[in-house]
Amino acid sequence: MLSEEVSIQLRLKKTYIQVKRNSGELTYGGDQGFFKGAAPGSVDAKKNAMGCGVIAFCDLLLYLGNGNPDMVTAENRSYVNRVNKEEDYIAYYNGIYKFLGGVSMKSGISGIRLAMCFNRLSRREKWGLRSRWGISDRKLYKRMEEMLSKDLPVILCIPMMVLKKDKKDELAFYVKKNGRMEKACTVSAHYVMVTGMIERNGEAFLEISSWGKKYYVNWNEYEDMIQTHFLGNILGNILYIRQKRK
């Protein structure tokens, strides 16, 4: 565990997405757990199990539209510039779920499809932005810095473990507690949103939103995961957004 010594910080400029749960708690980003308790085999059960990529895309469009009328679309118009109630966010999610074409119960949604749908929306709205999936793992950290410095949230995928021998390998999520980073859980095959980057005692951490909460990922641990597992640096990657080249 590391002490609370932070030397470098880079974060999104605006307040990140908040949703008011039915309990009254404010989230840090959307949560696929809003569909928890759905009937087994139902579409909502699929959203709870495999809907993390849709959540990330939902939050991306909300963040881009907040305070920026040029990036308000038919999909996010009723939900930007406000703290949405849980039921309102669910309605918004369902619209984006349809726009993306749903998800697979086996593998969720691919990063390539997220990129294609973002580019379709960008062309329609004439944003002048272009996204792609699958950049070199050696460029990931710098690309995240680049996007955050331009106030663009970063959709990051923690890769699925393809080989049977790797199925138990997962990435740790940390929380700040009593001035230290403490392990909260471990995950694989999961999309998160990177909202910031910090350096603590010489180690880089990504500040992320997942399940409506703020966590941290140790960059060295993530890099090791994608470089040492089959297809890790393809499945584990980012939605890289930049200005479209003329």
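Consider residue 196 carefully, then state whether it is within 26 Å of residue 18 (Cβ to Cβ), surrounded by fewer than 22 Cβ atoms within 10 Å (Cβ to Cβ) and within 15 Å of the chain's Cα centre (by Cα). Yes: the conditions hold for residue 196. For segment 73-86, the tally of residues that are touching a residue at least 24 places away in the same chain (Cβ under 8 Å) and out of contact with any strand residue (DSSP E or B) (no Cβ under 7 Å at 6 or more places or on another chain) stands at 2. Against the test of being outside any loop (DSSP other than H, G, I, E, B) and touching a strand residue (DSSP E or B) at 6+ places or on another chain (Cβ under 9 Å), the options 70, 59 yield a single qualifying residue, 59. If you check every pair at least six apart or on different chains, which have Cβ atoms under 6 Å apart with a residue in segment 177-200 that is over 21 Å from residue 167 (Cβ atoms) first and a residue that is part of a strand (DSSP E or B) and among the charged types (D, E, K, R) second? Taking only residues 6 or more apart or on different chains, the pairs are 195/207; 196/11; 196/207. Taking each residue of segment 121-138 that is in contact (Cβ under 8 Å) with a residue 24 or more places away in the chain and looking for partners that are in a helix (DSSP H, G or I) and open to solvent by 100 Å² or more (accessible area, probe 1.4 Å) with beta-carbon atoms closer than 6 Å, six or more apart or interchain, yields 133/112.
Just one of the numbered conditions (1) within 30 Å of residue 128 (Cβ to Cβ); (2) modelled with pLDDT under 95; (3) open to solvent by 40 Å² or more (accessible area, probe 1.4 Å); (4) of a type in the set (Gly, Ala, Ser) is not true of residue 202: (1). A residue that is in a strand (DSSP E or B), farther than 22 Å from residue 11 by Cβ and not polar (S, T, N, Q) can be found somewhere in segment 179-186. So residue 167 passes all but one of these: (1) out of contact with any helix residue (DSSP H, G or I) (no Cβ under 7 Å at 6 or more places or on another chain); (2) surrounded by 16 or more Cβ atoms within 10 Å (Cβ to Cβ); (3) not small (Gly, Ala, Ser). Which condition number does it fail? So residue 167 meets the others, but not (2).
Note on segment 218-246: residues that are touching a residue at least 60 places away in the same chain (Cβ under 8 Å) and part of a strand (DSSP E or B) total 6.
The values are calculated or read from the model by the stated rules, or taken from the named source; none is laboratory data. All figures in this text were calculated on a predicted structure; none of them were measured in a lab. When we count neighbours, we look across all protein chains shown, and the Cβ atoms used for this are built from the backbone with ideal geometry, even at glycine. Side chains included, ligands, DNA and RNA excluded: accessible areas come from the protein's heavy atoms. Shrake-Rupley method; radii C 1.70, N 1.55, O 1.52, S 1.80 Å.
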